[in-house]
1. Any idea what diffusion coefficient chain B gets from Stokes-Einstein, in µm²/s, Kirkwood Rh on alpha carbon pairs, 25 °C, 0.890 mPa s?
2. So what is the relative contact order of region B:54-140, in percent, for Cα pairs below 8 Å that sit 6 or more residues apart?
3. Determine the gain in length on full extension of the stretch residue B:757-residue B:640; use 0.36 nm per residue of separation and subtract their C-alpha separation, reporting nm with one decimal.
4. Could you give the C-alpha radius of gyration of the protein assembly as shown expressed as a fraction of 2.2 N^0.38 Å, taking N as the number of residues it contains?
5. Between residue B:334 and residue A:71, what is the FRET efficiency for a Förster distance of 56 Å, r being their Cβ-Cβ separation, to the nearest 0.05?
6. Roughly what would the spin-label model give for residue A:81 and residue B:72, points 7 Å off Cα along C-beta, in nm?
7. Using the C-alpha atoms of region B:1-46, what convex hull volume per residue, in cubic angstrom, is computed?
8. Give the separation of the Cα centroids, region A:10-52 to region B:205-283, in Å.
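Rule-based calculations on the coordinates, nothing more; no lab input. Just so you know, these numbers come straight off a predicted model, no measurement behind them. Note that each Cβ is placed from the backbone with ideal geometry, even for glycine, and that neighbours are counted across all protein chains shown.
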């Protein structure tokens, strides 16, 4: 998508942060198939560097090496960046889920989710 | 002065008063000669006076007057008389002139002249121009020149030519300045002969200070010169002789010292050799009557004495046992680390080879070892061996051990002569070692004999080649529950009570034992009449007569049930524990892999749904669909791989060992555990040593060990802050033929109290742990001829290492 027009506001983008390349590619494809603007990042630092202050919502893998999804959520909160977050997780890890929701997560999806659930969460976030 | 005819003073003028010191009034009327004359001249003066009185006048005379102050004045008198009218002498008138002064100079001159004429010294007088005016007779005698031959000539006449021009110039310079010159001359006589004089030349001056003459007083010193020369020559000769003699003496002393030195050296050597021989003799005496049990003490004492003699710091009698060099007996000085009891021969390949062919090893410092001994050099360095003598102990051409003397505190030389002498010691110790070995073997035999006696407590029987029992010991009843009579009656009874499961084994064994008689043993089970099952340890041995005829088998049977049961129980327990540990690990793995599987499955579902969406869009986006389908295939592959890995772990593989690439195995294991590690926020790193030779091992078992260590490391870090959780798995080649794997964590490290027990079964620090992980890991690694151990990391955390032998054939 081209946002070259200077006066038009940047369209809301779905940011995906996941360390698994295949999962990234699948999410990118799924969201684009639903007509959404998507940007994918392989790690939390990459996202923070490039897109943290832009409008949109964030689909965040909870479990990543070095900086986890929960960490990233906390960092964003620390910087006053209130981007809506949808968490993806492999485990039904109750304590982590509680933390995520307390941290203001919009939704929480266990990996191997259906497209309609994800898209519903995204639309809610946007 | 005027006196009367009686000599009495009548007149005394002023001049008289001055000369005599008397006043006229004092001498008037006194007799003249009483007052003034000196006794020796009294007679001469009275004679002249008598002539005067008799009318003979005038007269002249010269005599002394004594003065009032008792001095003497020489007076020259001119006397006349005063006659009275009758022409008779009335008074004598004496007119005197004081000539004292003139009289003294003249007489001195006369004396001097006389002295000059008569003296032994030669005198030469020249005028101011050097023309000779006078020579004395002594001079004529000395030179051979008559005075008339030299008068009016110059002293050049007798010049010898021995003195340089400067000599004369200096002489003249001195004289012309009015100073006296003294010195020695060499002159020439009239006959040409040379002579030496000592000359004093003085300038003579007139009243005006002008030099008028020179007087030379010359003393002949030719003789003195001769003496001097002779003396000088004698002195020189003496000195020469002294020098010669001194040098002779020095040479002699030097030779003597050398001789003494050489003798002392020889004496020292002899003494050293004597000491050596005495020592060897004493040790040899000590070794003569060695009784069983005192070998070690005596050998140690012998080695210790040799060590002290050689001034070594460590010594051992080492034996070649299999691949190892074992220090059978050793001793060491205080403060020196002892000889290690066992050194693998592979650590000293060169030294071992040298000793094997009967060569000694002697080095003063490690660097003296030859290039091909590089490995040994490192080993010696590690052992702290700085200098060494190793003597091979050879028996019948075979090296059975070595006598080793070591200096550990520094390099040192070993005296070659002494080392040479140690040949005696080699034979001595080789002999003793052989004796000791046979003594040990004897002890073994004795032990066996006792064991045989114990056997008698066991059940013994003798079975003939025909299958009859020739003998059956009573112990059979205790073991089998059947009395001996029963066995003797029914030789097949044993076959009957053997447990069904072991019957075939036993039958085959029994057949073989008779077909090929030799010592055999077998373990089998029997069922007693009371139903109890017993394990029998059966030994059979052929019995032959002296001609070698086979007489049957002698069998010993021991009830082995308790031992066997314990062994089986232990084995069962071990297997059970291993299985439990494996299951625990598999549970971990299943959880981890379930998550792993979710990733591709999620990707597949998302891709499939995305593909559906793209197909439904107008127009359908076929490219996107194609790509989604490709990704679905890839993710499916990935899921299959994960499942394969899990199955591979569960599968109890054939347990066969095969060459393994440890680094690859580690990578696989880390990827299996990836989720576990990420979940616990542990970062990891694999430091692969490259290239690492293949190791020989059971893939599943080694992977189990790796997993266990990695999961332990993970657990150890759970209490640390997430950003400090760091796991490193490293590999390295460990000399000489092992690969080493190290798993380190950044946790709190191993508590020393824990360290002691952590390899013991059922020990655990975890709430839900079984305490089986590490003991099983260790038993697996040890079964692989490796080692597993743990240590605390210097900075933080713990580090676990294990080693596995690398494959002998390198990776093609």
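1. Details: Rh = 43.8 Å.
The estimated diffusion coefficient comes to 56 µm²/s.
2. Values: 119 pairs, mean separation 15.4, N = 87.
That works out to 18 percent.
3. Extra length from residue B:757 to residue B:640 when fully extended: 38.0 nm.
4. 2.38
5. 0.35
6. 15.5
7. On the way: hull volume 3.3 nm³, N = 46.
Looking at region B:1-46, the number lands at 71 Å³ per residue.
8. For region A:10-52 versus region B:205-283, the Cα centre distance is 114 Å.
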